[in-house]
Amino acid sequence: MKDSIFVKTGYDPETVVQDGNRFLLANGYLGIRGTVEEADSSALPAVNLAGLYDRYENRWREPVNAPMGLFAKLILNDRPMAIGETEPASHTLSIDFRQGVFSRETDFGAVVLYSERIASLMAPHLLAAKLSLHFRERGEAVLTTGISTDLWDLNGPHLNDYRYRTGETLLCESVTGELRIPVAVAQTASADFPAVETFRVTDKGVFRDLRFSVSEGETVTVSIFSAVYTGQDVPSPAESAAVLCNRAKASGYSLCLQAHTGAWDEVWKRCGVDLDGDASAALALTASQYYLNSIAPRHAGNLSIPARGLSGQTYKGAVFWDSEIFLFPMFVYTQPEIAASLLRYRIETLPGARKKAREYGYRGAFYAWESQEGGAEGCTDFNVVDVFTHRPVRTYFRDKQIHISGDIAYALWEYWRITGDPALLLEGGAEVILECARFYLSRANLHLDSDLIDFADVIGPDEYHERVTNNAFTNRIIRYCWENALRLPEIFSEEPERFSKLLDRLDYHADWSRLKNAVERLSNPRVRNGVTEQFQGYFDLEDASLETVRTRLCDPREYWGGDHGVAGSTQIIKQADVITLIALFPEDFTDEAVAANWAYYEPRTEHGSSLSACMYALTACRIGRQDLAWKHFVNTASIDLNGGGKQWAGEIYIGGTHPAANGGAWMIAALGFAGLSVRDGTIVLRPHLPKEITKLCFPIELRGRRFQVTVTHETHSIEEI
Ligand code: IFM
């Protein structure tokens, strides 16, 4: 890992939102956006909490942002030294991805403000910062630090009944509106200079003011510690927050920093990819790996990762198929305990999936398209707002994107196939697969004349075409789910009676005998000139080019999909669909078929989702077209560093970091460029290194052993480490 620091100079109000994502610090429990200490809610600061949701009035349920405990603002000789209020002579933000440290240096002329902060990877409830102020002007200074409740919310406010405590440790306690879950933030500070300390409670939080005189050339520093706990974590969040804060203060910033960077060192040892040959691609990949690793639920064994990570409330903080198909691979090959956590979340939310199936009149498990705590469905029937009428648009992601259950069953099977560890399947995973298989049995359409099974009225990965029949991806993932349900007795081979008991408990015997029949009757997609038809009737749609379809837009933020969208009546697709099918089931396709599908679908793909490019890159590698893969790799790896990705779906803000692309970047490097796979428990490499890369080196962990994979254009190796 050579270059791991990203620096941005200059202050541009236009990029504050994207900078919040770019400079995000996170540790799985919380994410703190990369905003300056003095930011008010207009700069979208947030301490985004994993797994704590709330509904305000009848708006969308979304994750809660905690009060900001690292707030700090300087006034010198009655003039605010604050971004947005005072024009800086220079302003630099930087992030060290290797160490998980954000820093900022702003020269206001009269004072240069340097700050550094961490979201501790060692103590996930802890935030810590160190501020240095170098004065070029003598006079009177007031440094305010504290807990700001001037929060950014997309659909809030979520916190009520604020209660404050002043003193050496500041405390801000509140409860969420819907479920009355307590949230507590503590803050304490230690200054290396004498100051008069006073406290204030305002409508924007609780603060301590440090008043002190400064002389020209003087530098002072202050360390700030803040801790966040909720009623989901501990019985007395306020007490726990205060204790942690004071413990951190007693240790001091340097020790907190040391523990934090030590924890990051361990993460990089387990998964850091070294890419030689293109420094900017290498930095993008490091950034991408940082973004994904920083939101991994290391503190819990049963949480998953929301589609925009911990960068805010976008997509309702919900878990999508992104977790199983895009994030899971990096974790299963490098940190299997995190892959297991993602899946345990699904095992534990099976009751939610059963409930959703019942609500739609089906049996088995229909997982939430946008899963919140307990598997509650966060997706609404009206998930897009029309830019012209400002009315909600009926979308069908919630009810028709049925591949979600199969995606989960797929990852459960992959976990066993790759790690060789049956524990997850034995401890709830088999039940999930059986219940997903049962859902599909009850959702199938059996034609009485042909005895063929269709899946009608579905949405595949390409969300622009709604309510289609026999989406090739969906049907294949269903077939795999059914096949793997039938293979479950192999997993229980040492305890067959345990499996029979499971079937008894689920009252599954009749469904069990239906499964085999179902596999044989499931419709296969039409194939024309080697190209798999995305869904029945797709080839008959207007074959307009992407440019033509784009010119039909009346508003750049307009939604492309659905009944009125520009893409729906054409062959233009939002994201990889058949290509995702090929990436997941490579053995189904010959190299010629992969090439034919790639050539057909790529020009017809808008890549309107950050999940798209990586699938194209992976499949391009498979056919030795790493020249084609490279562009998609660079786009995927650099999406968050560049502030890329769509920011709007209709009138809905969808910005934030892109964990699926982050996982996708690792997949391209490891599974595509290095051609890594596991076959019957053996590691296989089939490298396709692009010319831009001279050497690729990365660790993997398989079945309790660690290996270093090295690939160059001349040679490749797997060495145990
Ligand atoms: O899961 C994806 C979906 O495939 C496309 N829209 C965004 C979702 C969250 O990333």
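The values are calculated or read from the model by the stated rules, or taken from the named source; none is laboratory data. Keep in mind that this is a model prediction, so the values were computed, not measured. Every residue, glycine as well, gets a Cβ built from its backbone with ideal geometry; the counts of neighbours run over all protein chains shown.
Assuming residue 382 fulfils every condition listed in (1) away from the ligand (no atom under 12 Å from the Cβ); (2) at pLDDT 95 or above apart from one, which condition is it? Residue 382 satisfies all of (1) away from the ligand (no atom under 12 Å from the Cβ); (2) at pLDDT 95 or above except (2). Being touching a residue at least 40 places away in the same chain (Cβ under 8 Å) and either over 30 Å from the mean Cα position of the chain (by Cα) or under 21 Å from residue 440 (Cβ atoms) (or both) is a property that does not hold for residue 539.
Go through the residues of region 319-342 one by one and say whether even a single one is surrounded by 24 or more Cβ atoms within 10 Å (Cβ to Cβ) and more than 26 Å from residue 674 (Cα to Cα). Yes. With respect to the stated conditions, residue 90 is out of contact with any Lys or Arg (no Cβ under 9 Å at 6 or more places or on another chain), of a type in the set (S, T, N, Q) and at pLDDT 95 or above.
Yes or no: region 618-631 includes at least one residue that is within 14 Å of the ligand (Cβ to nearest atom) and under 25 Å from the mean Cα position of the chain (by Cα). No, that holds for no residue.
In region 624-640, what count of residues is obtained for those that are on the phi < 0 side of the Ramachandran plot and surrounded by fewer than 21 Cβ atoms within 10 Å (Cβ to Cβ)?
Of region 624-640, the ones on the phi < 0 side of the Ramachandran plot are 625-640.
With surrounded by fewer than 21 Cβ atoms within 10 Å (Cβ to Cβ) added as a condition, the list becomes 625, 627-628, 631, 638.
Matching residues across region 624-640 total 5.
Would you check which residues across region 348-372 are of a type in the set (Gly, Ala, Ser) and without any contact (Cβ under 8 Å) to a residue 40 or more places away in the chain and list them? Please lay out each step first, then the result.
Narrowing region 348-372 to residues of a type in the set (Gly, Ala, Ser): 352-353, 357, 361, 364-365, 368, 371.
Passing the criteria: 352, 361.
Looking at region 149-227, the strands (runs of 3 or more DSSP E) lying wholly inside it that each contain 1 or more residues that are surrounded by fewer than 18 Cβ atoms within 10 Å (Cβ to Cβ) and modelled with pLDDT of 95 or more sit at 159-165, 182-191, 196-202, 205-214.
Taking residue 308 as the residue in question, decide whether it is away from the ligand (no atom under 16 Å from the Cβ) and of a type in the set (Lys, Arg).
On the way: away from the ligand (no atom under 16 Å from the Cβ): no; of a type in the set (Lys, Arg): yes.
No; evaluated as a whole, the condition is false for this residue.
Checking each residue in region 562-600 for being under 24 Å from residue 664 (Cα atoms) and either free of Cβ contacts under 8 Å to residues at least 12 places away in the same chain or assigned to a loop (DSSP other than H, G, I, E, B) (or both) picks out 572, 574, 575, 576, 577, 585, 587, 589, 590, 599. Residue 521 meets each of the listed conditions (1) crowded, with 18+ Cβ neighbours inside 10 Å; (2) in contact with a strand residue (DSSP E or B) (Cβ under 7 Å, 6 or more places away or on another chain) apart from (1). Checking every residue in region 558-581 against the condition of being touching a strand residue (DSSP E or B) at 6+ places or on another chain (Cβ under 8 Å), surrounded by 16 or more Cβ atoms within 10 Å (Cβ to Cβ), more than 20 Å from residue 472 (Cβ to Cβ) and among the charged types (D, E, K, R) gives at least one match.
If you filter region 385-409 down to residues that are farther than 27 Å from residue 431 by Cα and of a type in the set (Lys, Arg), you find that the one that is nearest to the ligand (Cβ to nearest atom) is 394.
Residues in region 546-561 that are within 19 Å of residue 613 (Cβ to Cβ) and assigned to a loop (DSSP other than H, G, I, E, B) were compared, and the one that is nearest to the ligand (Cβ to nearest atom) is 561. Within region 118-147, the residues that satisfy the criterion of being within 26 Å of the chain's Cα centre (by Cα) and under 20 Å from residue 242 (Cβ atoms) are 118, 119, 120, 122, 123, 124, 125, 126, 127, 128, 129.
Listed by first and then second residue, the pairs linking a residue in region 665-692 that is at positive phi and without any contact (Cβ under 8 Å) to a residue 60 or more places away in the chain to a residue that is surrounded by fewer than 18 Cβ atoms within 10 Å (Cβ to Cβ) and among the basic types (Lys, Arg), with Cβ atoms under 8 Å apart and 6 or more places separating them unless they lie on different chains, are 675/686. Can you say whether residue 550 is closer than 30 Å to residue 484 by Cα and in contact with an Asp or Glu (Cβ under 9 Å, 6 or more places away or on another chain), as far as the supplied structure shows? For residue 550, the condition - closer than 30 Å to residue 484 by Cα and in contact with an Asp or Glu (Cβ under 9 Å, 6 or more places away or on another chain) - is not met. Is one or more of the residues making up region 318-333 more than 16 Å from the ligand (Cβ to nearest atom), within 26 Å of residue 422 (Cα to Cα) and not hydrophobic (A, V, I, L, M, F, W, C)? Yes, some residue in region 318-333 is more than 16 Å from the ligand (Cβ to nearest atom), within 26 Å of residue 422 (Cα to Cα) and not hydrophobic (A, V, I, L, M, F, W, C). Hey, does region 601-612 have a residue that's within 16 Å of the ligand (Cβ to nearest atom), among the aliphatic types (A, V, I, L, M) and either surrounded by 24 or more Cβ atoms within 10 Å (Cβ to Cβ) or more than 17 Å from residue 546 (Cα to Cα) (or both)? Yes: one or more hits. One residue stands out among those in region 282-305 that are small (Gly, Ala, Ser) and away from the ligand (no atom under 13 Å from the Cβ): the one that is surrounded by the fewest Cβ atoms within 10 Å (Cβ to Cβ), which is 301.
Can you work out which of the residues in region 206-238 that are more than 31 Å from the chain's Cα centre (by Cα) and of a type in the set (Asp, Glu) is nearest to residue 163 (Cα to Cα)? Here the residue is 209. Exactly one residue out of 74, 93, 113, 70 is part of a strand (DSSP E or B) and in contact with a His (Cβ under 9 Å, 6 or more places away or on another chain): that is 113.
Given region 17-67, what strands (runs of 3 or more DSSP E) lie entirely inside it while holding 2 or more residues that are closer than 22 Å to residue 108 by Cβ and within 14 Å of the chain's Cα centre (by Cα)?
none
Each residue in region 247-288 was checked for being polar (S, T, N, Q) and touching a strand residue (DSSP E or B) at 6+ places or on another chain (Cβ under 8 Å), and 1 pass.
Summed over region 343-358, residues that are within 30 Å of residue 616 (Cα to Cα) and either hydroxyl-bearing (Ser, Thr, Tyr) or surrounded by fewer than 24 Cβ atoms within 10 Å (Cβ to Cβ) (or both) total 2.
Every residue, every condition in (1) within 14 Å of the ligand (Cβ to nearest atom); (2) among the aromatic types (Phe, Trp, Tyr); (3) touching a Gly at 6+ places or on another chain (Cβ under 9 Å), yes or no:
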site	(1), (2), (3)
633	no, yes, yes
647	yes, no, yes
684	no, no, yes
688	no, no, yes
693	no, no, yes
699	no, no, yes
703	no, no, yes
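Any residue at all in region 306-316 that is of a type in the set (A, V, I, L, M, F, W, C) and either in a helix (DSSP H, G or I) or surrounded by fewer than 24 Cβ atoms within 10 Å (Cβ to Cβ) (or both)?
Of all residues in region 306-316, those of a type in the set (A, V, I, L, M, F, W, C) come to 307, 310.
Within this subset, residues satisfying the condition of being either in a helix (DSSP H, G or I) or surrounded by fewer than 24 Cβ atoms within 10 Å (Cβ to Cβ) (or both) are none.
No, region 306-316 contains no residue that is of a type in the set (A, V, I, L, M, F, W, C) and either in a helix (DSSP H, G or I) or surrounded by fewer than 24 Cβ atoms within 10 Å (Cβ to Cβ) (or both).
Of the residues making up region 337-344, not a single one is in contact with a Pro (Cβ under 7 Å, 6 or more places away or on another chain) and within 16 Å of the ligand (Cβ to nearest atom). For region 55-79, a residue qualifies if it is farther than 15 Å from residue 224 by Cβ and either among the aliphatic types (A, V, I, L, M) or surrounded by 24 or more Cβ atoms within 10 Å (Cβ to Cβ) (or both), and the qualifying residues are 62, 63, 64, 65, 66, 75, 76.
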